[in-house]
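Just below is one structure, and these are the notes that go with it.
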Amino acid sequence: MKLPDYNEERKRNRETEFITVNPTINQEYLGKKYFIRTYGCQMNVHDSEEIAGILENLGFIETDSEENADIIILNTCAVRENAHDKVFGFLGRCKHIKETKNKDLLICLCGCMAQEKSVVDEIMSKHKYIDLVFGTHNIHELPNILMNLEPGLNIEVKSNEDNVYEVGENFKRDSKISAWVNIMYGCDKFCTYCIVPYTRGKERSRKSSDILKEVRKLKELGYKEVTLLGQNVNAYGRDREDEISFAELLEEVAKIGIERVRFVTSHPWNFTDEMIDTIAKYDNIMPYIHLPLQSGSDRILKLMGRRYTQEEYLELFKKIKSKVKNAAITTDIIVGFPNETEEDFEETLKVVNECKYDGAFTFIYSPREGTPAAKMQDNIIKEVKEERLQRLNKLVNEYSNMNNKKLLDKTVDVLITGVSEKDPNKLCGYTDTFKLVNVSSGKRTIGEIIKVKITDAKSFSLDGIAE
Ligand code: SF4
């Protein structure tokens, strides 16, 4: 058993090695069915694509129902408190299936929650029906871990990872249109509220040659869009003397000629002029940037360890808007961080009023065990946090509605990604600025970029007619 250890997770001092992993068929698993449920961010979604690829290489086949599965994998997220309840709710359902239908069912939990000591302690004391807990750094070891499973609860959580594992083409991608491409792993910023530097390890960049090879292959396969993934994409290459910068990488990816190039997430710190110029220079780099603010108050930003002031953030925001034509910018904001006064919160509203974001993910602060902020007194009462969130959301929605309305009667390019969830007679897709559009169309154009005239604009989506 290997248990999570935050002291180990803090360490950042070893060299990165690049290791190629290539799982192969195991007769024992041929025809067995797997089911994966994913919570959380794009990183987790892409990790699930990697886990699915590994399982299929071993001989498993996918099922879309947990009832029929031989192995269920819950890929979890540790960023928000309510994710924990959802995961344990679903685990209860898995336990019921195991007890009533399939006693050989393997129940596995992985992802960021698996890296949390408190979660693993809870599993060890109350959820022994789980067969395997494996960490974010153990994914590539899955074939070996499965082969060596002992009866009962197995815990394989590596707490420190310095290496980059290349799985080549061994992903089972969810989409044939739009692909995630990891460019780096981990985070070294240690914002005081965030669990990611502990659960995902140190910042380590993939080799640019491997990333470019993967994007070229995706182009050959007909993908229309790639999204470069990292907790802080602008830190790309900074951990290696022999590597290019993120701006240079972005340029090389754009030159491959895939129709749409995106990236998430960029920290406002280290967002260079070179990056802005590259985004502005290439038509196929989409003018959409997610730029987390978190708070507009300098005092709270300092307590959060965010490394920028309100003034520096606004300067960067304005620079992006002035250089990148029609840029849409979205953000993340936390309300009710320890010691946040009404004046601090009003500073956040002030920034929202200045930036008039295209959208924002807004959250009430909740402490994550093991982080420095969890040692601060969580001294803002629930009612105040909720009231602030409501005021913030009202403002954020007004601006996103206002920005969406600017597109009314305009014709925009939309990459059609599937059938609309709202109306099965419509298609849906995204503008270059990552706005969701429900499209009336006489033709089935999934996977194509088409011209759409916008006929209605709401806060969270647009309606349009294919031209
Ligand atoms: S930059 Fe801060 S908020 Fe983002 S992942 Fe790293 S520590 Fe967390």
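Are there any helices (runs of 4 or more DSSP H) wholly within the stretch 113-212 with 3 or more residues that are within 16 Å of the ligand (Cβ to nearest atom) and in the same structural domain as Val261 (by TED's automatic domain parsing), and if so which?
On the way: elements: 117-126, 142-147, 196-199.
The qualifying helices (runs of 4 or more DSSP H) are 196-199.
Every residue in the stretch 87-114 that is in contact with a Lys or Arg (Cβ under 8 Å, 6 or more places away or on another chain) and more than 15 Å from Tyr39 (Cβ to Cβ), please. Steps first, answer last, please.
Residues of the stretch 87-114 in contact with a Lys or Arg (Cβ under 8 Å, 6 or more places away or on another chain): 90, 105, 107, 112.
Correct list: Leu105, Ile107.
Looking for whichever is within 25 Å of Val79 (Cβ to Cβ) and either of a type in the set (Asp, Glu) or not assigned by TED's automatic domain parsing to the domain that holds Tyr288 (or both) here; the options are Glu386, Glu398, Glu346. Which one fits?
Glu386
Residues being closer than 14 Å to His267 by Cα and more than 12 Å from the ligand (Cβ to nearest atom): count how many of those fall in the stretch 316-332.
Within the stretch 316-332, the first condition is being closer than 14 Å to His267 by Cα, and the residues that meet it are 316-317, 320, 329-332.
Among the residues that remain, those that are also more than 12 Å from the ligand (Cβ to nearest atom) are: 316-317, 320, 329-331.
Residues that pass the stated criteria total 6.
Name the residues in the stretch 279-305 that are in contact (Cβ under 8 Å) with a residue 24 or more places away in the chain, assigned to a helix (DSSP H, G or I) and of a type outside the set (Val, Ile, Thr), would you? Step through it out loud before you land on a result.
So in the stretch 279-305, the residues in contact (Cβ under 8 Å) with a residue 24 or more places away in the chain come out as 279-282, 284-300, 303-305.
Pick out the ones that are also assigned to a helix (DSSP H, G or I) and you get 279-281, 298-300, 303-304.
Matches in the stretch 279-305: Ala280, Lys281, Asp298, Arg299, Leu303, Met304.
Report, ordered by the first and then the second residue, all pairs with beta carbons closer than 7 Å, sequence separation of six or more or different chains, a first member in the stretch 53-76 that is without any contact (Cβ under 8 Å) to a residue 60 or more places away in the chain and of a type in the set (Ser, Thr, Tyr), and a second member that is part of a helix (DSSP H, G or I) and crowded, with 23+ Cβ neighbours inside 10 Å.
Once the first residue is without any contact (Cβ under 8 Å) to a residue 60 or more places away in the chain and of a type in the set (Ser, Thr, Tyr) and sits in the stretch 53-76, its partners that are part of a helix (DSSP H, G or I) and crowded, with 23+ Cβ neighbours inside 10 Å give Thr76/Cys112; Thr76/Met113; Thr76/Ala114.
I need the full set of residues from the stretch 139-152 which are without any contact (Cβ under 8 Å) to a residue 40 or more places away in the chain and either touching a helix residue (DSSP H, G or I) at 6+ places or on another chain (Cβ under 7 Å) or not hydrophobic (A, V, I, L, M, F, W, C) (or both), in order please.
Residues satisfying the conditions are Glu141, Asn144, Asn148, Glu150, Pro151, Gly152.
All but one of (1) away from the ligand (no atom under 16 Å from the Cβ); (2) modelled with pLDDT of 95 or more hold for Arg240; state the number of the condition that does not hold.
Result: Arg240 passes all but (2).
Please indicate, with yes or no, whether at least one residue in the stretch 243-261 is closer than 23 Å to Glu17 by Cα, within 16 Å of the ligand (Cβ to nearest atom) and either buried (at least 21 other Cβ atoms within 10 Å of the Cβ) or at pLDDT 95 or above (or both).
yes
If Asp413 passes every condition in (1) over 17 Å from Tyr288 (Cβ atoms); (2) surrounded by fewer than 19 Cβ atoms within 10 Å (Cβ to Cβ) but one, which one does it miss?
Condition not satisfied by Asp413: (1).
Could you tell me which of the residues Arg306, Arg299 is within 16 Å of the ligand (Cβ to nearest atom) and not hydroxyl-bearing (Ser, Thr, Tyr)?
Working: Arg299 fails: within 16 Å of the ligand (Cβ to nearest atom).
Exactly one of Arg306, Arg299 is within 16 Å of the ligand (Cβ to nearest atom) and not hydroxyl-bearing (Ser, Thr, Tyr), namely Arg306.
Looking at the structure I just gave you, is Ala235 hydrophobic (A, V, I, L, M, F, W, C) and within 16 Å of the ligand (Cβ to nearest atom)? Write out each step before concluding.
On the way: hydrophobic (A, V, I, L, M, F, W, C): yes; within 16 Å of the ligand (Cβ to nearest atom): yes.
Yes; evaluated as a whole, the condition is true for this residue.
I need a count of the residues in the stretch 264-278 that are over 15 Å from Ala328 (Cα atoms), free of Cβ contacts under 8 Å to residues at least 40 places away in the same chain and buried (at least 16 other Cβ atoms within 10 Å of the Cβ).
2
Among the residues of the stretch 158-188, which ones are modelled with pLDDT of 90 or more and among the β-branched types (Val, Ile, Thr)?
Within the stretch 158-188, the first condition is being modelled with pLDDT of 90 or more, and the residues that meet it are 172-188.
Within the stretch 158-188, Ile177, Val181, Ile183 qualify.
Give Leu250, Leu221 a once-over and let me know the one that is touching a Leu at 6+ places or on another chain (Cβ under 8 Å) and more than 18 Å from Asp47 (Cβ to Cβ).
Numbers: Leu221 fails: touching a Leu at 6+ places or on another chain (Cβ under 8 Å).
None of the other options fit; the residue is Leu250.
Is there any pair with a first residue in the stretch 24-40 that is assigned by TED's automatic domain parsing to the domain that holds Ala114 and a second that is part of a loop (DSSP other than H, G, I, E, B) and aliphatic (A, V, I, L, M) whose Cβ atoms are under 6 Å apart and which are 6 or more apart or on different chains, and what are they?
Final answer for the pair search is Lys33/Ala69; Phe35/Ala69.
The values are calculated or read from the model by the stated rules, or taken from the named source; none is laboratory data. Since we're looking at a predicted model, the values are computed, not measured. Ideal geometry is used to build each Cβ from the backbone, glycine not excepted, and the neighbour counts take in all protein chains shown.
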